[in-house]
Amino acid sequence: MQDPHPEPPADQSGPPGFARSGLTMDAWGFAAEAHDGQLRRGSGAPYIEHPVAVARLVAEHGGDEAMVAAAFLHDVLEDTEVGSERIHDEFGEDVGALVDALSDDRRLDDYARRKAALREQVERAGRRAALVYVADKLANCSDLRSAYALEGEAVWPRFKAPIDVRISIWRDDAAMVRAVLGRVPLLEALVEALDGLEDDRADTTA
């Protein structure tokens, strides 16, 4: 069986090839430093792999430079000690506003309430924030499905909320994105991934 907690790749020193502008390269470098030492709950991989995956999806689906930069930075406020003011100072108001819109309010303790507030925040921020948001959900769901394929139901205790709660929240996220963006390819891919995850679980637990 493949090791569910692989060793980090040896070389994380350079930005991905699609981060070609000064802004996106700076955002990648900032995120890599901010998340240094953090690991993904599902795979044990270096955390920076997730924002890179999100930024790649955003770039591939027509996101502009500020959206790609925000994708690299979208978890910095939630998961590190970096504050919003620093993001605005370093990357400007456009990127800063997008990162603010994509970040949980950590003052809300209840997981479902916090995610509902985030969803409403993204909806108010509009189409650009919604595209980064759905890319994030797709990357997370795909990672979770890969972890489940390796470990089955044993993977769930590592996460903050029960899987049924997470899936329900992601379904609500998908409905919000559909209202804002229509049936864009990233949304269809998220719905397909959610359906696949539920099918995987049904096959495993039957």
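The values are calculated or read from the model by the stated rules, or taken from the named source; none is laboratory data. It should be emphasised that the depicted structure is a prediction, and the values quoted were computed from it without experimental measurement. Cβ: placed from backbone, ideal geometry, glycine included. Neighbour counts: every protein chain shown.
Please verify whether segment 62-72 includes one or more residues that are β-branched (Val, Ile, Thr), touching a Lys or Arg at 6+ places or on another chain (Cβ under 9 Å), surrounded by 19 or more Cβ atoms within 10 Å (Cβ to Cβ) and in contact (Cβ under 8 Å) with a residue 40 or more places away in the chain. Even if it seems obvious, please write down each step before you answer.
Let us first name the residues in segment 62-72 that are β-branched (Val, Ile, Thr), namely 68.
The next check asks that each one be touching a Lys or Arg at 6+ places or on another chain (Cβ under 9 Å); those that pass are 68.
Narrowing further to those that are surrounded by 19 or more Cβ atoms within 10 Å (Cβ to Cβ): 68.
With in contact (Cβ under 8 Å) with a residue 40 or more places away in the chain added as a condition, the list becomes 68.
Scanning segment 62-72, I find at least one residue that is β-branched (Val, Ile, Thr), touching a Lys or Arg at 6+ places or on another chain (Cβ under 9 Å), surrounded by 19 or more Cβ atoms within 10 Å (Cβ to Cβ) and in contact (Cβ under 8 Å) with a residue 40 or more places away in the chain, so the answer is yes.
Does segment 129-138 include one or more residues that are outside any helix (DSSP H, G or I) and under 18 Å from residue 50 (Cβ atoms)?
Taking every residue of segment 129-138 in turn, none turns out to be outside any helix (DSSP H, G or I) and under 18 Å from residue 50 (Cβ atoms).
What about residue 154, is it among the small types (Gly, Ala, Ser), touching a residue at least 12 places away in the same chain (Cβ under 8 Å) and either over 20 Å from residue 25 (Cβ atoms) or assigned to a helix (DSSP H, G or I) (or both)?
The answer is no for residue 154.
Considering segment 120-144 alone, what residues qualify as being under 13 Å from the mean Cα position of the chain (by Cα), modelled with pLDDT of 95 or more and not acidic (Asp, Glu)?
Scanning segment 120-144 gives 129, 130, 131, 132, 133, 134, 135, 137, 138, 139.
Go through segment 23-40 residue by residue and tally those that are β-branched (Val, Ile, Thr) and farther than 13 Å from residue 71 by Cβ. Walk me through how you get there before you give the answer.
First, pick out the residues of segment 23-40 that are β-branched (Val, Ile, Thr): 24.
Narrowing the set further to residues that are farther than 13 Å from residue 71 by Cβ leaves none.
So the count comes out to 0.
Within the bounds of segment 167-183, is there any residue that is under 30 Å from residue 202 (Cβ atoms), at pLDDT 95 or above and not in a helix (DSSP H, G or I)?
For segment 167-183, residues under 30 Å from residue 202 (Cβ atoms), at pLDDT 95 or above and not in a helix (DSSP H, G or I): present.
If I filter segment 25-43 down to residues being assigned to a helix (DSSP H, G or I) and among the hydrophobic types (A, V, I, L, M, F, W, C), which single residue comes out as surrounded by the fewest Cβ atoms within 10 Å (Cβ to Cβ)?
It comes out as 25.
Answer yes or no as to whether residue 84 is hydroxyl-bearing (Ser, Thr, Tyr) and surrounded by fewer than 16 Cβ atoms within 10 Å (Cβ to Cβ).
Taking the combined requirement at face value, the residue satisfies it.
Does segment 122-136 include one or more residues that are free of Cβ contacts under 8 Å to residues at least 24 places away in the same chain, closer than 28 Å to residue 192 by Cβ and surrounded by fewer than 17 Cβ atoms within 10 Å (Cβ to Cβ)?
Within segment 122-136 (the criterion being free of Cβ contacts under 8 Å to residues at least 24 places away in the same chain, closer than 28 Å to residue 192 by Cβ and surrounded by fewer than 17 Cβ atoms within 10 Å (Cβ to Cβ)), the answer is yes, since at least one residue qualifies.
Please enumerate the residues belonging to segment 81-117 that are at pLDDT below 95, outside any helix (DSSP H, G or I) and more than 26 Å from residue 185 (Cα to Cα).
81, 105, 106, 107, 108, 109, 110
Being over 22 Å from residue 37 (Cα atoms), free of Cβ contacts under 8 Å to residues at least 40 places away in the same chain and not aromatic (Phe, Trp, Tyr) is the requirement here; does residue 77 meet it?
no
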